[in-house]
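The values are calculated or read from the model by the stated rules, or taken from the named source; none is laboratory data. Keep in mind that what you see is a predicted model, and the values were worked out from it rather than measured. Quick reminder, even Gly has a Cβ in these numbers, built from the backbone with ideal geometry, and neighbours come from all protein chains shown. For the accessible areas, the whole protein counts, side chains as well, though only heavy atoms, and no ligand, DNA or RNA atoms are used. Shrake-Rupley method; radii C 1.70, N 1.55, O 1.52, S 1.80 Å.
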Amino acid sequence: MEGNIVKLEFEALPENQGFARSVVSAYCVSLDPTLEELTEIKTAVSEAVSNAIIHGYERKGTGQIEMELKTMDKDKVYIKITDYGKGIRDIKKAREPMFSTEESREMSGMGFTVMESFVDKVFVESEPDKGTAVTLIKYLDTYYGV
Ligand SMILES: Nc1ncnc2c1ncn2[C@@H]1O[C@H](COP(=O)(O)OP(=O)(O)OP(=O)(O)O)[C@@H](O)[C@H]1O
Ligand SMILES: [Mg+2]
């Protein structure tokens, strides 16, 4: 069962990283997550959104990012972050710990690793010059209801 679907679209501006975190937080509160779960979800979302801004749209400050939020079976949060930027040529490589195409800017290449450690499932779909979609799924421990 999929409940309470929320979709939003925002500009690829650095300040919208915080905005995306707040929206996710507001969305998740009704699911009664622990503080730790909430922090983990927000951090994973931040990484995906910052990747869209920095890599997808190469810090140009223009371009749309979509975020779709969904709840499945009342205890699984599904978050899909989509950009229509430059895309990822080698997804497997991009997901490796400490791999970054921006080493010169001293980026640590740990974004995907952070996402993988903080949520239960991370799916990446991407096509060069078309864009990237990252789906994060988090199972909440806190659901005891009917
Ligand atoms: N939305 C995206 N569009 C295009 N390329 C991306 C996108 N997300 C990730 N990448 C590519 O995958 C690489 C790895 O991403 P990851 O988040 O793991 O590390 P990083 O962003 O380089 O560094 P960090 O997140 O630690 O600051 C990036 O360097 C970039 O080349
Ligand atoms: Mg990153």
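Here's the picture: charge each Lys and Arg Cβ at +1 and each Asp and Glu Cβ at -1 in region 2-139, and of I79, P128, N4 the one pushed furthest to the positive end of that dipole is P128.
May I ask you to give the percent of accessible area on region 70-146 that is carbon plus sulfur, with a probe radius of 1.4 Å? Of the solvent-accessible surface of region 70-146, carbon and sulfur hold 52 percent.
Highest mobility in the GNM of the chain, judged by mean-square fluctuation with C-alpha springs under 10 Å and restricted to A44, A94, A26, is found for A26. Across the chain, C-alpha contacts under 8 Å between residues 6 or more apart give a mean separation that, scaled by the residue count, equals a relative contact order of 28 percent.
The mean accessible area for residues of the chain, using a 1.4 Å probe and ignoring ligands and nucleic acids, is 55 Å² per residue. Among the chymotrypsin sites (Phe, Trp or Tyr not before Pro) in region 51-146, those placed in a DSSP loop whose Cβ has at most 11 other Cβ atoms within 10 Å are Y144. Classify region 2-139: rounded, prolate or oblate, from the alpha-carbon gyration tensor (a ≥ b ≥ c, eigenvalue square roots; a/c under 1.5 rounded; otherwise prolate if a/b is larger than b/c)? It comes out prolate by the Cα gyration axes. Charged side chains reduced to their Cβ positions (Lys and Arg at +1, Asp and Glu at -1) give region 65-126 a dipole of some 140 debye around its Cα centre. Its Cα centre serving as origin, region 2-139 has a Cβ charge dipole (Lys and Arg +1, Asp and Glu -1) of approximately 180 debye.
Working ranking of peptides 9-17, 62-70 by packing, defined as the average number of other Cβ atoms within 10 Å per residue, highest first, is 62-70, 9-17.
Between the alpha-carbon centres of region 84-125 and region 1-69 there is a gap of 16 Å. Bridgeable lysines around K121 (alpha carbons under 18 Å apart, same-chain partners fewer than 8 residues away excluded): K42, K70, K74, K76, K80, K92, K93, K138.
Entry note, the chain: the mean residue ellipticity at 222 nm calculated from DSSP H runs of n ≥ 4, each adding -39500 (n - 2.57), is -9000 deg cm²/dmol after division by the residues and rounding to the nearest 500.
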